[in-house]
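What follows is a set of notes on a single structure, which appears directly below.
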């Protein structure tokens, strides 16, 4: 059996499903102040990386934030959605500021640099002394390694956050689609004969989130394709 594609309102369907996805993602944003755990998705990996690079010493480091305050600053920037580049720059500055003779050995083990040289660097930085060329080289490598460790932590955590919020939006989209079906069908929705409608609502909810960012483009492309085929058919090709 042939289907007349000119009678199918696929563009409207795609746009509607994309609108549901947009609404679900908006609902996730609205829930963030209520459920703080949403904003903290992915944060643990960053905290673990920073914690390893700011180990506790016998006493609080002089002229630097203690580890507890460093982690609180990292969390505040993450929860408030500060630009990732700025977050990494702040974290690296706090890590280097926290470095001391007492913490150098533990930090060197994490960053895979010479602990004795890093300890000497920390002592000279604290005293305002000039570093030797070899110490400058080691400190330069330390800077690059810390940058790489933070970049990996923030990129992976950002991916966890984005995937987590999309998954939550998909769940909400399914719930909204089922609620919409119930509004249309009422109690009949849960009858055995209505499994088709329930399945359709679930399918719509699952498709809504991934379609939301591209729904308009797909709808436009589909309409263009249909118009093109109509022109081709009229031309008798």
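The values are calculated or read from the model by the stated rules, or taken from the named source; none is laboratory data. In this text, all values refer to a predicted model and were calculated from it rather than measured experimentally. Cβ coordinates were reconstructed from backbone atoms using ideal geometry, including for glycine residues, and neighbour counts include every protein chain displayed.
How many of the residues in segment 24-42 are part of a loop (DSSP other than H, G, I, E, B) and out of contact with any helix residue (DSSP H, G or I) (no Cβ under 7 Å at 6 or more places or on another chain)?
Of segment 24-42, the ones part of a loop (DSSP other than H, G, I, E, B) are 32-42.
With the extra rule that they be out of contact with any helix residue (DSSP H, G or I) (no Cβ under 7 Å at 6 or more places or on another chain), the set shrinks to 32-37.
Total satisfying the criteria: 6.
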Number of positions in segment 111-141 that are surrounded by 17 or more Cβ atoms within 10 Å (Cβ to Cβ) and part of a helix (DSSP H, G or I): 11
Lone qualifier among 94, 71, 53 - being buried (at least 16 other Cβ atoms within 10 Å of the Cβ) and over 23 Å from residue 137 (Cα atoms): 71
Test: residue 173 is closer than 30 Å to residue 15 by Cα, in contact (Cβ under 8 Å) with a residue 60 or more places away in the chain, touching a helix residue (DSSP H, G or I) at 6+ places or on another chain (Cβ under 8 Å) and in a helix (DSSP H, G or I): yes
Test for residue 144: is it touching a helix residue (DSSP H, G or I) at 6+ places or on another chain (Cβ under 8 Å) and either assigned to a helix (DSSP H, G or I) or in contact (Cβ under 8 Å) with a residue 12 or more places away in the chain (or both): no
Any pair with Cβ under 7 angstrom, 6 or more apart, that starts in segment 184-209 at a residue that is outside any helix (DSSP H, G or I) and ends at one that is at pLDDT 85 or above and surrounded by 16 or more Cβ atoms within 10 Å (Cβ to Cβ): none
Test: residue 26 is surrounded by 14 or more Cβ atoms within 10 Å (Cβ to Cβ) and within 30 Å of residue 219 (Cα to Cα): no
Test result for residue 211, within 13 Å of residue 19 (Cα to Cα), surrounded by 12 or more Cβ atoms within 10 Å (Cβ to Cβ), in contact with a helix residue (DSSP H, G or I) (Cβ under 6 Å, 6 or more places away or on another chain) and at pLDDT 75 or above: yes
Given (1) closer than 28 Å to residue 152 by Cβ; (2) at pLDDT 90 or above, number of the condition residue 57 does not satisfy: (2)
